[in-house]
Structure formats: C-alpha cells, structure tokens
Amino acid sequence: MRTSELDAWVPEWSVQTHHRREARASAAALWAAAGQVRLDETRRLGRLVRWRIPGTPPDMRFRELLSTYPFVVLDEGEGWSLSGLCGRIWTLGRDYPRLEGAEAFRSWSEPGTVRVLFAHWVEPLEPGRAALVSETRVAPTDRAADLRLRSLWLVVGVFERLIASEPLAVAAERAGAADRG
C-alpha cells in the first residue's frame, strides 16, 4: 500500500500512527494470521475496544470488528484493507453515526467530529519474510474537533505505541509458528 492510496481517503490529518511488525512467514501466511487475531488475545487493546464499544464480544476477530458498526469497510484487496469510522471519539458515549459505505465516509463533514482511517496491509520482504503494517489517520472536520482531538491525544498518545501494536505482534508470532510447523 502506498501513501498516495491513503491520501486519497484522508490527505490531511491531525493524528497519525504507524506500526510495522516483521515475521518469518510469507505475506499470505502473515495476512491470514492477522485475520484470525481476536480481541481477547490482546490484553490492553481488546479491553479498550470493548470499553469504548459496549457489547463487543471478547472473542471477536479484529477483521470482523473493522467491518461492523461503528466501522465501515472502505476498500480491500488481497493483503490489504481500509476501514473507517466517523464521530466524536473523545466522548464517553457511543457517539458514532452509522455510515452506509465508503462514499459516506469520504464526504463526511459534520462539524465537531473526526474521520478515522484504519489501514492494514502486508509487505513481502525477502523469501520467507513479510511485514504487517498498520496506519491510522484521524482528520478533524473543523477547529473545534481538532482542539478536542489534540486534548485527547495528549492523554492517549502516550500509551498508543504499547496498545496499538499488540495485534500485529500476535499475528506475526502466529504466522511464524504456522510457517515453521
């Protein structure tokens, strides 16, 4: 996946995260393993997701999560996927509108909200190795949303590196073990 492909969805953002995990596995094996990672296999992130989206089952796979309300699949292909959500991510309530598809995400402009793009893909490396990559971009619709997002990020951003990389580590370990076994 190239930056230009992500820019087509969210060309400007206030918060961006990027994680990458290499594995001793083929790109296909790593992508397959990533699709099997469940919320309950990640300590912190799984609990955080279930707290923010009440009613989410602990054994739900991340791939399923990112295609179920409040998320919407924007586009996907072999070895990559893009999902999004919109709303007020800083509230304690579940303040996310139901998006009816990719165009609803692309054109979202409700004042005081953000658009969040979740991109995941694999990159083949030398034979028998691949990298799983995750990038998130958060784009506020206006200045008020930008200020709220930046305030939230002051608190959350410190822990983000510890939390958001958990599913990648599980997938890389699982894919490496599967390729060896």
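Tabulated values for the structure
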item	result
Single condition Thr68 does not satisfy, out of (1) in contact (Cβ under 8 Å) with a residue 40 or more places away in the chain; (2) not in a strand (DSSP E or B); (3) not hydrophobic (A, V, I, L, M, F, W, C)	(1)
From Glu64, Glu41, Glu76, residue being acidic (Asp, Glu), under 23 Å from Ala172 (Cα atoms) and touching a helix residue (DSSP H, G or I) at 6+ places or on another chain (Cβ under 8 Å)	Glu41
Filter pass, Thr141 being surrounded by fewer than 20 Cβ atoms within 10 Å (Cβ to Cβ), under 20 Å from Gln16 (Cβ atoms) and of a type in the set (Val, Ile, Thr)	yes
Subset of region 74-109 that is charged (D, E, K, R), within 25 Å of Val156 (Cα to Cα) and touching a residue at least 12 places away in the same chain (Cβ under 8 Å) - its residue that is most open to solvent (accessible area, probe 1.4 Å)	Arg98
Filtered residues of region 11-33 (kept if open to solvent by less than 20 Å² (accessible area, probe 1.4 Å) and within 17 Å of the chain's Cα centre (by Cα))	Val15, Thr17, His19, Leu30, Ala33
Some residue of region 42-62 being among the aromatic types (Phe, Trp, Tyr) and under 15 Å from Thr136 (Cβ atoms)	yes
Sole residue being of a type in the set (Val, Ile, Thr) and either buried (at least 16 other Cβ atoms within 10 Å of the Cβ) or under 26 Å from Glu78 (Cα atoms) (or both), chosen from Val155, Val133	Val133
Members of region 63-89 that are touching an Asp or Glu at 6+ places or on another chain (Cβ under 6 Å) and over 18 Å from Pro140 (Cα atoms)	Leu82
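The values are calculated or read from the model by the stated rules, or taken from the named source; none is laboratory data. Quick caveat: nothing in here was measured; it's all calculated off a predicted structure. No Cβ is skipped: glycine too gets one built from the backbone with ideal geometry, and neighbour counts run over all protein chains shown. The accessibility values were calculated without ligands, DNA or RNA, using every heavy atom of the protein model including side chains. Shrake-Rupley method; radii C 1.70, N 1.55, O 1.52, S 1.80 Å.
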